[in-house]
Amino acid sequence: MEKEIDSLIYKGRSLLKSQKYNEAIKCLTEADSIVSKASKKFESRLPFIYNIRGNVESDLLRFELAVDFFKKSLYYSQKLEIDTISAKNLLNLGFNYYRLDQFKLSEKYYSLYIDLTKKIYSDTSLKYKKALNNTSFFYASMGYHEKALQMIDEANSYFKIYYDTLTSDFINALNNFGLSYMQLGLYSKSEDLFKRAVHILDRNHLKIEQIRHAGLVINLGIALTYSNKYSEALYYYQVAESLFQDSIKNFNHPHYFQLLKGKAKVYRNTGNLEKLQELLTEQNNIYLSIHSVNSASYGLFLLDRARYGLMTHQLDGVDSMFLKALDIFKMNFKPFHQNYCKALMGLANYYSLVNNLDLAFKNLFELRDSLESHKMSGELIYANLLSNIGEKYIKTNDYENAEKVLLKAVQIYKLGKVENNNDYITTLHNLSKVYFKTKNYQNSIILQSEILTWNQNVITNSSQLFSENELGNFINVFQEQTNLNYLLSALTNDSITVQTSVNQSLFLKGYLLNQYLKKRNAIDRDSKLETAFNSLNSVKDRILKLESSNNIDTTLYRYLHSKSDSLQHYISHHSFLIENLNTEIKWQDLKSAIGKDEVILEFVTYNKNENVGSDSIYYAAMLISKTISKPLFLDLFAEAELKNIFAKISSRRLEGLSYLYSTHPNIKRGDLYTLVWEKLEPYLSGIKTIHYSPTGFLHSINMESIQFPDKLYVRNKHRLLLHQSSTKVVQHYSDNTKSGTLDFALFGGINYDADLNASIQNQDLIASNEGKLQANADLFRKDTGVINFNWKYLKGSENEVKSISKLVILSNNKSNVYTDHFASELEFKSLSKSLTRPKSPDVIHLSTHAYFYEDATVDTANNKVPDIYIADLQVKSSSKINSEFDDIIIQNHSDPMKCAGIILSGANKANRNRNQFNQDREDGILTAYEISLMDLSDTKLVVLSACETGLGKIDNNEGVYGLQRAFKIAGVKNVIMSLWQIPDKQTAELMELFYKNWLINKMTSRDALQAAQSVMQDKKYEPYYWAGFVLMD
């Protein structure tokens, strides 16, 4: 019988290690039954049986049951004086009570564990050092920082003995020390320890339980999050998530909660509110299913949820959440634990937002006094509190007190060596605001330099993994700090500040697009990345089709978005290993790239009210010249002044554009010269070439056509080169498209009434050739439902493309003309590079209608549609939707790339017969989003001979989200586009002149366009007829 019991105990222990829990319970239950029947004869086996059973229940997250079994084991081990088992039971009881958020009981058993271990082995033994290592994290997490540091110091001898050994104990030691340092705010130390443990596991393939492996990886992610290394943190969170999905499959485990909390902190700090809301919803469902509403874990969830409410200004119930969290933390933690302090500061922030500053200060001052009385004035939480108080002082214009507390906070951060921390940078920014408000500009300038350098480093690091949307949200987080630097530049014209402002603009403007294009370069060089990229496009297509359907499967929709994010993260991370994504261009590089007769104008906007979001936006130009030692910051005008001029334009056609650009003596003009150009002209004497990068409403203006008082245009005195970002001066300074043996694809004379369903056989033939993307037209299908418009046939467009085709052939180039029903959406998409088409055309010319939604919010309640700009008309939001077409409003309007497009054959037929139209076929509406999915990386030039193809949603950093961006994302080098509603006949004339200059006279494409416009000007045409086209590289 004795051997049978021992055999069952041994087997139960083995089954526990192999995570076969049900079989383990069966063995242990049988062993317990045999011992019970044998009276006290085999009682000595009970401590082992119950200890193993307790570990089984703990692994199964049944912590209360685990506690019961460990207590039973402890009872018998103490009764039988088996101290080694008693020590293990005490440790396990401490851990399981910790998991149950019963921290006082947890502390009791951890303390007993330390004392018993010391008694058994002495305070110089390895076992005792290991015990200190096992428990130091608990004391650190409870706020007993001094005691935790003392334990860490004592345990160091244990740590050093296991140095570089490859054992499970060593991994545990690294993890425990890492946890302790993290709780103490020593994030770089904890990061190093966790990384070392993870690398040992990965490098040496050490086998530990998957759940422990996941926990270690999550801890590393959390440490990286606190160090603001968000991209790297997300990478490790994804590794842990894969472990849960592939093998652990237990989403109620505490480690999974930690994973969700870690990701939530990343999204909160990087401004990704949509992802944050998703995580909070998931956390809420899990917490309520297994946690008590009085548990510390639920208190932490409430704290996160309340903070989200503050960020989004959804304040209903936020104060109640903070108060409930405070009650929970009072019950579970020692007085003034950091979680309690965070909740109280959050409540003060709520009171501040609702303009109850008296109550905010009352809470903060009481907390300050309590922390000081508990001798906690040197801790990081105290520095956070001072920073919070300083922010409130700023709100009440009490800058003297604000400066005092903020300086003290900075000192504590520096003493704690946590300068690489979001809280520290926020404190610096608030201090910089104080100096700005008190006109101590020099001190503000010094701080701004440190702040912006830190911002750029964090954004750069995040680029290694973030998707485009995530990175865009994150960049917006720093908008206020960038704005303050522009303000300082405008007020002081301090040389250092202006240089910092220029470099900041060069860094931010076009950052997302440049990152994307660099990733595309890496994709072209790596087959695994190419496979991932093709998979990403397929996922995007599935999302697009789901969004266009009447009934969206929300589970599938969320899964596809998660898959899309994962693929984008993979592509970003591995592209970084192949391609240098972080090449930074400074203003000195631009100065070196230009000649003495050239200047660069980098336009920026900033808010003179200092608070981003207020309506006092101003425009400035930062000028770089070979003959001026440092950049200049030239304050220009208020956006409201420019809006006033545009408000007087009745349309973007002849009568409206004449007001802006006309030379006619009887036409009253809006004075763009005085507003935009006059302050620049003193610095442009002797300058032939002006490189410029616009921002805001300047994207809608043709700078070349601004008129001087002497009736000459800017283009008559200077050669202007338009760039999306001034960095293009360095990147593509000599990269204008020149003629040669080129392959042209020309679209015009399009039949918008063609029956696309009648051409299914032809569509299938084209679709079968889309080999590269392992799909067919599915990649692009189901793009939009469009408000019903009768797109009119453009009489001049067929003659336009035929005339161009003759010039193409005459210049020994290859011409492919697509007219009538052949100018289809599917034919256009077949131009994309694929396995069957190794090269996209060198030149694509589109002569057709185009549209964009200026404000894509659909008012379904009042049956109204948004403003839409189209070739022949502008439809205002007061227009009624024909009830027959209620279901064919453009879908997915939250994405500006889905709110702009061009019209191809069959668009009228498809939309008039939407109910009968085969929804798996193209509808003749080619959106900017669809174009962005194409591969046109061999295409040197796209000519958009359609109305307002240069317009779209304006982002001050990224430029215009519309057709021009779509073609740039697809890989096109240069784009010629229009800024207003161009006339059919004169456009055909302009285009023929352009191609003749380019193909026959061998000019560069940019010079060819400018020369063609000069001819039109010499013919006395109003600017409306020729100045609408611009070329952007």
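Answer yes or no as to whether residue 352 is of a type in the set (S, T, N, Q), within 24 Å of residue 422 (Cβ to Cβ), part of a helix (DSSP H, G or I) and touching an Asp or Glu at 6+ places or on another chain (Cβ under 7 Å). Write out each step before concluding.
Working: of a type in the set (S, T, N, Q): yes; within 24 Å of residue 422 (Cβ to Cβ): yes; part of a helix (DSSP H, G or I): yes; touching an Asp or Glu at 6+ places or on another chain (Cβ under 7 Å): no.
No.
Being in contact with an Asp or Glu (Cβ under 8 Å, 6 or more places away or on another chain), within 28 Å of residue 229 (Cα to Cα) and not assigned by TED's automatic domain parsing to the domain that holds residue 478: is that true of residue 296 here? Here the answer is yes, as residue 296 does meet what is asked. Residue check: is residue 148 surrounded by 19 or more Cβ atoms within 10 Å (Cβ to Cβ), more than 17 Å from residue 66 (Cα to Cα) and at pLDDT below 85? Yes; evaluated as a whole, the condition is true for this residue. Counting only residues that are surrounded by 19 or more Cβ atoms within 10 Å (Cβ to Cβ) and over 35 Å from the mean Cα position of the chain (by Cα), the stretch 377-403 holds 0 of them. Per the listing 101, 123, the residue uniquely outside any helix (DSSP H, G or I), over 45 Å from the mean Cα position of the chain (by Cα) and not polar (S, T, N, Q) is 123.
Do we have any residue at all in the stretch 444-453 that's farther than 22 Å from residue 364 by Cβ, out of contact with any strand residue (DSSP E or B) (no Cβ under 8 Å at 6 or more places or on another chain) and either in the same structural domain as residue 568 (by TED's automatic domain parsing) or not in a helix (DSSP H, G or I) (or both)? Spell out the reasoning first.
From the stretch 444-453, those farther than 22 Å from residue 364 by Cβ are 444-453; that's our starting set.
Applying the additional criterion that residues be out of contact with any strand residue (DSSP E or B) (no Cβ under 8 Å at 6 or more places or on another chain) yields 444-453.
Keeping just the survivors that are either in the same structural domain as residue 568 (by TED's automatic domain parsing) or not in a helix (DSSP H, G or I) (or both) gives none.
Within the stretch 444-453 (the criterion being farther than 22 Å from residue 364 by Cβ, out of contact with any strand residue (DSSP E or B) (no Cβ under 8 Å at 6 or more places or on another chain) and either in the same structural domain as residue 568 (by TED's automatic domain parsing) or not in a helix (DSSP H, G or I) (or both)), the answer is no, since none of the residues qualifies.
A single member of 359, 431, 406, 364 is closer than 26 Å to residue 314 by Cα, buried (at least 21 other Cβ atoms within 10 Å of the Cβ) and either among the acidic types (Asp, Glu) or touching a helix residue (DSSP H, G or I) at 6+ places or on another chain (Cβ under 6 Å) (or both), and it is 364. Considering the stretch 677-707, the residues that are small (Gly, Ala, Ser) and either out of contact with any Ser or Thr (no Cβ under 6 Å at 6 or more places or on another chain) or not in a helix (DSSP H, G or I) (or both) include one that is nearest to residue 1013 (Cα to Cα), namely 705. For the stretch 614-629, how many residues meet the condition of being assigned to a loop (DSSP other than H, G, I, E, B) and at pLDDT 95 or above? The number of residues fulfilling the criteria is 0. Kindly indicate whether any position in the stretch 479-491 is part of a helix (DSSP H, G or I), surrounded by fewer than 20 Cβ atoms within 10 Å (Cβ to Cβ) and under 15 Å from the mean Cα position of the chain (by Cα). Yes; the residues of the stretch 479-491 include at least one that is part of a helix (DSSP H, G or I), surrounded by fewer than 20 Cβ atoms within 10 Å (Cβ to Cβ) and under 15 Å from the mean Cα position of the chain (by Cα). Applying the condition of being surrounded by 18 or more Cβ atoms within 10 Å (Cβ to Cβ) and among the acidic types (Asp, Glu) to the stretch 985-1028 and asking which residue is nearest to residue 713 (Cα to Cα) yields 1022.
So, in the stretch 263-283, exactly how many residues are hydrophobic (A, V, I, L, M, F, W, C) and without any contact (Cβ under 8 Å) to a residue 24 or more places away in the chain?
Initial filter on the stretch 263-283 (hydrophobic (A, V, I, L, M, F, W, C)): 264, 266, 273, 276, 279-280.
This time we only want the ones that are without any contact (Cβ under 8 Å) to a residue 24 or more places away in the chain, so: 279.
Of the residues in the stretch 263-283, 1 are hydrophobic (A, V, I, L, M, F, W, C) and without any contact (Cβ under 8 Å) to a residue 24 or more places away in the chain.
Where residues in the stretch 10-51 are assigned to a loop (DSSP other than H, G, I, E, B) and touching a residue at least 40 places away in the same chain (Cβ under 8 Å), which of them is surrounded by the most Cβ atoms within 10 Å (Cβ to Cβ)?
Initial filter on the stretch 10-51 (assigned to a loop (DSSP other than H, G, I, E, B)): 18-20, 38-42.
The next check asks that each one be touching a residue at least 40 places away in the same chain (Cβ under 8 Å); those that pass are 19, 42.
Numbers: 19: 15, 42: 18.
My answer is 42.
Just a yes or no: is a residue in the stretch 504-527 free of Cβ contacts under 8 Å to residues at least 12 places away in the same chain and either surrounded by fewer than 19 Cβ atoms within 10 Å (Cβ to Cβ) or assigned by TED's automatic domain parsing to the domain that holds residue 583 (or both)? Even if it seems obvious, please write down each step before you answer.
Restricting attention to the stretch 504-527, the residues satisfying the condition of being free of Cβ contacts under 8 Å to residues at least 12 places away in the same chain are 527.
Then keep just the ones that are either surrounded by fewer than 19 Cβ atoms within 10 Å (Cβ to Cβ) or assigned by TED's automatic domain parsing to the domain that holds residue 583 (or both); that gives 527.
Yes, the stretch 504-527 has at least one match.
In summary, residue 334 fulfils each of the numbered conditions (1) surrounded by fewer than 16 Cβ atoms within 10 Å (Cβ to Cβ); (2) within 30 Å of residue 478 (Cα to Cα); (3) in contact with a Gly (Cβ under 6 Å, 6 or more places away or on another chain) with the single exception of condition (2). The one condition from (1) surrounded by fewer than 22 Cβ atoms within 10 Å (Cβ to Cβ); (2) modelled with pLDDT of 60 or more; (3) not in a helix (DSSP H, G or I) that residue 725 does not meet is (1). Beta carbons closer than 7 Å, at least 6 apart along the sequence or on distinct chains, pair a first residue in the stretch 180-198 that is under 15 Å from residue 149 (Cβ atoms) with a second that is part of a helix (DSSP H, G or I) and of a type in the set (D, E, K, R) for 181/189. The set of residues from the stretch 795-811 being among the polar types (S, T, N, Q) and over 13 Å from residue 1001 (Cα atoms) comprises 797, 799, 803, 805.
Per-residue answers, yes or no, for (1) modelled with pLDDT under 90; (2) part of a strand (DSSP E or B); (3) touching a Phe, Trp or Tyr at 6+ places or on another chain (Cβ under 6 Å):
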site	(1), (2), (3)
801	no, no, no
806	no, no, no
817	no, yes, no
841	no, no, no
891	yes, no, no
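The values are calculated or read from the model by the stated rules, or taken from the named source; none is laboratory data. This is a predicted model, so every value here is computed, not measured. Cβ: placed from backbone, ideal geometry, glycine included. Neighbour counts: every protein chain shown.
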